[in-house]
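Working notes for the structure below.
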Amino acid sequence: MSRRILLFGASGRTGQVLRPAAEQAGYEVLAPAHAECPLENAEGVSDLVLGSGAQLVVNCAAISGLEACAADPLQAHLINAVAPAAMALACRHTGARFVHLSTDYVLDGRRPGLKDESTKCRPISWYGESKREGELQVLEALSTAVVARVSWVCGNPAKPSFIEGTVERALAGQPLAAVADKDSLPTDAADIARAVLALGEGCYSGVVHVTSSGEPLSWWHCATLALQVAVEQGVLPAAPPMEQQKLDEVPFFKEPRPRHTAMCNSRLTSQLGIPMPTAEETVRRVVLRYLADKAR
């Protein structure tokens, strides 16, 4: 009898990578589109989980745009908090494992350095507020649930992040700039998928930080590393200049972003034995994958 996974958010940056990873691991994947199961309808979400026959439910779905959440806080609350709680409660009835993806933006980012799972959450945006509420509701509804916080997801060529986007703009000869006074840890969607499946098959419960290892990097640092890889691969003759921006000066950021949200992943790597690459290794792998995809 095959194992079954119910995957919400399969069309997103992480979900698109998790789906084939789950299939390769031997799961039958049920991946409802939004039209089939609107996440605003908590009753429908619950009914789908209850009738799915899934042994593992994973929620990658969210409204992640900060400006979108601020423009419609109710919608953000329904999708980022109420829907995951409905999934968790339904899993309590079916006995399924539940892994819910959250974000480093539940942190206020005031202090530099790595934050572990015991760090107090003080979100500073509607997005962070809704995701933190989702964490709390999920763990209240299902004590065995896993809340996996991720950061700066990259590595899906079909949905490029700022890392791949920097290389693309450089290849097009466009001017380059990146924020230098905000840091976190870029995390490959493939590593998130691998960790999520391991967490889903294990017995761990509670919050765990699923990020790359090492010291925090700024967007500017990540972009600079990405260009270095492109030069090494011969697709750029030399790294073009990269302007250093300040977070407060980015004109299209209307909502506040936390500055220092890099998370310590020692619980994941040391206690649970799930290895993760360093942030620098992540950037290199992501750029190489992106260039290989472009060359096809």
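Every read-out reported here was derived from the displayed coordinates using simple, explicitly stated rules and does not represent laboratory data. None of these values were measured; they are calculated from a predicted model. Counting neighbours? That spans all protein chains shown, and the Cβs are built from the backbone with ideal geometry, glycine included.
General remarks:
- Number of positions in the stretch 39-64 that are hydroxyl-bearing (Ser, Thr, Tyr) and out of contact with any strand residue (DSSP E or B) (no Cβ under 9 Å at 6 or more places or on another chain): 1
- Among the residues of the stretch 26-56, those identified as under 17 Å from Leu142 (Cα atoms) and in contact with a Lys or Arg (Cβ under 9 Å, 6 or more places away or on another chain) are Ala54, Gln55, Leu56.
- Residue check, Glu133 within 26 Å of Gln55 (Cβ to Cβ) and surrounded by fewer than 22 Cβ atoms within 10 Å (Cβ to Cβ): no
- Strands (runs of 3 or more DSSP E) lying entirely in the stretch 1-75 (those with 2 or more residues that are among the charged types (D, E, K, R)): 3-8
- Here is the figure for the stretch 148-177: residues that are under 30 Å from His100 (Cα atoms) and of a type outside the set (Val, Ile, Thr) total 15.
- Just so you know, in the stretch 192-219 the residues that are in a helix (DSSP H, G or I) and in contact with a Lys or Arg (Cβ under 9 Å, 6 or more places away or on another chain) include one that is surrounded by the fewest Cβ atoms within 10 Å (Cβ to Cβ), and it is Glu201.
- When each of Arg267, Arg259 is tested for being out of contact with any strand residue (DSSP E or B) (no Cβ under 6 Å at 6 or more places or on another chain) and among the basic types (Lys, Arg), the lone residue that passes is Arg259.
- Top-ranked residue of the stretch 36-76 - restricted to ones that are over 22 Å from the mean Cα position of the chain (by Cα) and of a type in the set (Ser, Thr, Tyr), ranked as surrounded by the most Cβ atoms within 10 Å (Cβ to Cβ): Ser46
- Residue that is over 21 Å from Gly65 (Cα atoms) and among the polar types (S, T, N, Q), where the choices are Gln24, Gln16: Gln24
- Positions within the stretch 239-279 being surrounded by fewer than 19 Cβ atoms within 10 Å (Cβ to Cβ), in a helix (DSSP H, G or I) and either among the hydrophobic types (A, V, I, L, M, F, W, C) or within 22 Å of the chain's Cα centre (by Cα) (or both), in sequence order: Leu247, Ser266, Thr269, Ser270, Gln271
- In the stretch 1-33, the residues that are farther than 13 Å from Ala193 by Cβ and in contact (Cβ under 8 Å) with a residue 24 or more places away in the chain: Ser2, Arg3, Arg4, Leu6, Phe8, Gly26, Glu28, Leu30, Ala31, Pro32
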